[in-house]
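**Student:** Structure incoming, see below.
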Amino acid sequence: MHDIWNPWHGCVKCSEGCDNCYMYFLDKAHGNDGSEIYKTKNGFRYPIQKSRGGGYKIKSGEMIRVCMTSDFFLEEADPWRDEAWEIIRSRSDVIFYLLTKRPERVAKHLPNDWGDGWENVFFNVTCENQKRADERLPILMELPFKHKGIMCAPFIGPLSIEKYLNGGQIEQVICGGENYNGARPCDYDWVKSLQNECKKYDVTFCFIETGTVFIKDGKRYNIPNKRIQSEMAYKSGISYSGKKIKFNLKSRYGYKIPESEMYVPYFREVCGTCGSRPICNGCGNCGRCSQVTK
């Protein structure tokens with residue numbers, strides 16, 4: 001996917017949300033071991049790679065999801081993180097979406113010139129249930145980031161985050177059910193409760209997928225197809241667009257980038273019923289979805 005940057009691959013499971021990790025599942029399906037951690041060779045410098053025409057492959061204004069097959073603050077990645085920070089610093093015109101289950105490691109692993117945060121970093125913490133929310137979110141509240149969000153996925157238990165929303169720090173909440181082997185149920189009542197809290201504080205909420213096992217009105221549904229999961233999430237109409245998140249992106253020389261030069265996401269017809277569309281970076285024109293729908 002064009003909006004993902006994996007500077008390293010592989011991870012160490014650290015909580016119950018990791019039990020059925022999709023990365024471990026997919027690695028095993030390809031004969032690999034998800035616990036093997038390594039710096040990626042071709043992908044590490046992706047944000048600063050250029051096309052044949054001389055321009056960056058990643059355009060100004062794009063949002064890039066970082067370490068979707070690992071954790072940016074994984075201890076085993078400590079030797080490589082400074083170099084990754086340098087790349088993030090050099091692309092001050094691009095939004096880097098960081099996600100971690102290890103917020104307790106963050107404060108000691110920020111750049112020396114971090115200050116109160118960089119405008120192009122959107123920092124998110126995973127909270128799969130109430131236990132992890134109450135463990136990780138107090139730490140998130142104290143960390144110096146200009147943009148903060150919460151990822152409730154895999155959503156495996158009832159969750160209230162209202163006391164973390166009322167201060168105005170959280171700009172976005174995403175939730176979705178679990179997939180692949182051993183998927184645990186996601187109950188729609190949990191989703192509705194979470195949406196109500198976000199709506200109360202005008203925080204953007206996105207329900208991206210039901211997960212394989214979905215419970216609604218007391219009925220249990222088995223939905224193995226991820227495209228259908230996403231469509232069901234979209235059809236629920238529960239996603240909510242809250243206060244707009246404003247990223248003050250600048251060029252490498254410190255100049256504000258005009259809106260006319262910012263990346264504009266492109267969506268295909270098939271994207272119209274996708275639960276992730278509100279938070280999506282747009283279609284990469286890989287052609288795979290058109291092949292699937294034929």
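The values are calculated or read from the model by the stated rules, or taken from the named source; none is laboratory data. In this text the structure is predicted, and so the values were computed from the model without any measurement. Cβ placement follows ideal geometry from the backbone for every residue including glycine, while neighbour counts extend to all protein chains displayed. Accessible surface areas use protein heavy atoms only, side chains included; no ligands, DNA or RNA. Shrake-Rupley method; radii C 1.70, N 1.55, O 1.52, S 1.80 Å.
**Student:** With bins 5 Å wide starting at 0, give me the P(r) of the stretch 217-269 over every alpha carbon pair, in whole percents.
**Tutor:** Taking all Cα pairs of the stretch 217-269, the binned fractions are 4, 11, 12, 17, 14, 11, 11, 8, 6, 4, 2, 0 percent.
**Student:** Turning to a different aspect of this structure: Quickly work out the Val264-to-Gln130 label distance, labels modelled 7 Å from Cα along the C-beta direction, and quote it in nm with one decimal.
**Tutor:** In this crude spin-label approximation the distance works out to 4.7 nm.
**Student:** Looking at the stretch 86-224 only, what percent of DSSP beta bridges run antiparallel? Nearest 5 please.
**Tutor:** Numbers: 4 of 26 bridges.
Here the antiparallel bridges make up roughly 15 percent for the stretch 86-224.
**Student:** Ok, one more. Tell me, what is a quarter of the convex hull surface for the C-alpha atoms of the stretch 88-208, in nm² with one decimal?
**Tutor:** Working: hull surface 32.1 nm².
Mean shadow area of the hull around the Cα atoms is 8.0 nm².
**Student:** Asn32 to Ile245: extension gain in nm, 0.36 nm per residue of separation minus the Cα-Cα distance?
**Tutor:** Working: separation 213, 0.36 × 213 = 76.68 nm, distance 3.83 nm.
Here the segment from Asn32 to Ile245 would lengthen by 72.8 nm.
**Student:** Using the per-residue mean of other Cβ atoms lying within 10 Å as a proxy for protection, in what order, highest first, do the peptides 76-87, 92-103, 50-61, 273-284 fall? Can you show the working numbers first?
**Tutor:** Numbers: 76-87: 15.3, 92-103: 21.9, 50-61: 11.8, 273-284: 17.3.
Final packing ranking: 92-103, 273-284, 76-87, 50-61.
**Student:** With label points built 7 Å along Cα→Cβ from the Cα atoms of Asn166 and Met68, find their separation and express it in nm.
**Tutor:** Using points 7 Å along Cα→Cβ, the separation is 3.6 nm.
**Student:** Mind jotting down the distance between the C-alpha centroids of the stretch 1-80 and the stretch 129-188, whole Å?
**Tutor:** 21 Å
**Student:** Another question, if that's okay. Any aspartates and glutamates with Cα under 18 Å of the Lys39 Cα? List them, leaving off those in the same chain fewer than 8 positions away.
**Tutor:** Asp27, Asp71, Glu75, Glu76, Asp78, Asp82, Glu83, Glu86
**Student:** Just from its helices, what would the mean residue ellipticity at 222 nm be for the chain, if runs of 4 or more DSSP H residues each count -39500 (n - 2.57) and the sum is divided by every residue, rounded to the nearest 500 deg cm²/dmol? Please list the in-between numbers first.
**Tutor:** On the way: 7 runs with 68 residues, N = 294.
Calculated from helices alone, the mean residue ellipticity at 222 nm is -6500 deg cm²/dmol.
**Student:** Under the 0.36 nm per residue contour assumption, what length would be gained going from the current alpha-carbon distance of Ile257 and Ile279 to full extension? Don't skip to the end; give the middle numbers.
**Tutor:** Values: separation 22, 0.36 × 22 = 7.92 nm, distance 2.14 nm.
Fully extending the segment from Ile257 to Ile279 adds 5.8 nm.
**Student:** Another one. Beta carbons within 10 angstrom, averaged per residue: use that to sort the peptides 138-151, 156-169, highest first.
**Tutor:** Per-residue mean Cβ counts within 10 Å order the peptides as 138-151, 156-169.
**Student:** If you don't mind, there's one more thing I want to ask. If the label point is 7 Å along Cα→Cβ of Arg89, which residues in the stretch 44-62 have backbone nitrogen under 18 Å from it?
**Tutor:** 45-49
**Student:** Expressed as a whole percentage, what fraction of the accessible surface of the chain belongs to carbon and sulfur atoms when a 1.4 Å probe is rolled over the protein heavy atoms?
**Tutor:** On the way: 7460 of 15070 Å².
Roughly 49 percent of what the probe reaches on the chain is carbon or sulfur.
**Student:** Can you quote the Å³ per residue value for the convex hull of the Cα atoms in the stretch 179-278, rounded to an integer? All intermediate terms of the calculation are to be shown ahead of the outcome.
**Tutor:** Details: hull volume 14.2 nm³, N = 100.
In the stretch 179-278, the Cα convex hull volume per residue is 142 Å³.
**Student:** Also: May I ask what percent, to the nearest 5, of DSSP beta bridges between residues of the chain are antiparallel? Write down the numbers at each step before the final one.
**Tutor:** Values: 9 of 36 bridges.
Counting only bridges with both partners in the chain, antiparallel ones make up about 25 percent.
**Student:** What's the extension gain from Asp217 to Ser236 if we count 0.36 nm per residue and subtract their Cα-Cα distance?
**Tutor:** Numbers: separation 19, 0.36 × 19 = 6.84 nm, distance 1.31 nm.
Fully extending the segment from Asp217 to Ser236 adds 5.5 nm.
**Student:** Can you order the peptides 20-31, 204-215 by their average number of other Cβ atoms within 10 Å per residue, highest first? List each step's numbers first, then the result.
**Tutor:** Details: 20-31: 14.4, 204-215: 24.0.
So the peptides 20-31, 204-215, ranked by packing, come out 204-215, 20-31.
**Student:** Further question on the same structure: How much area per residue is accessible in the stretch 37-132 when the probe is 1.4 Å and only protein heavy atoms are counted (Å²)? All intermediate terms of the calculation are to be shown ahead of the outcome.
**Tutor:** Details: 4270 Å² over 96 residues.
Accessible area per residue, the stretch 37-132: 45 Å².
**Student:** For the stretch 38-145, just run the numbers: alpha carbon Rg, then divide by 2.2 N^0.38 Å, N being how many residues it has. Mind dumping the intermediate values first?
**Tutor:** Details: Rg = 14.6 Å, N = 108, 2.2 N^0.38 = 13.0 Å.
Ratio of Rg to 2.2 N^0.38 Å for the stretch 38-145: 1.12.
**Student:** Could you point to the label whose value was computed as Cα extents along the principal axes in Å for the structure here, given [x] 77, 45, 29; [y] 56, 48, 41; [z] 66, 43, 33?
**Tutor:** [y]
**Student:** Shifting gears a bit: Provide the percentage of antiparallel DSSP beta bridges, counting only those with both residues in the stretch 156-294; round to the nearest 5. All intermediate terms of the calculation are to be shown ahead of the outcome.
**Tutor:** Details: 6 of 13 bridges.
Bridges in the stretch 156-294 are about 45 percent antiparallel.
**Student:** Of Lys13/Lys108; Lys199/Lys250; Lys13/Lys226, which pairs sit farther than 25 Å apart, going by alpha carbon to alpha carbon?
**Tutor:** Beyond 25 Å: Lys199/Lys250.
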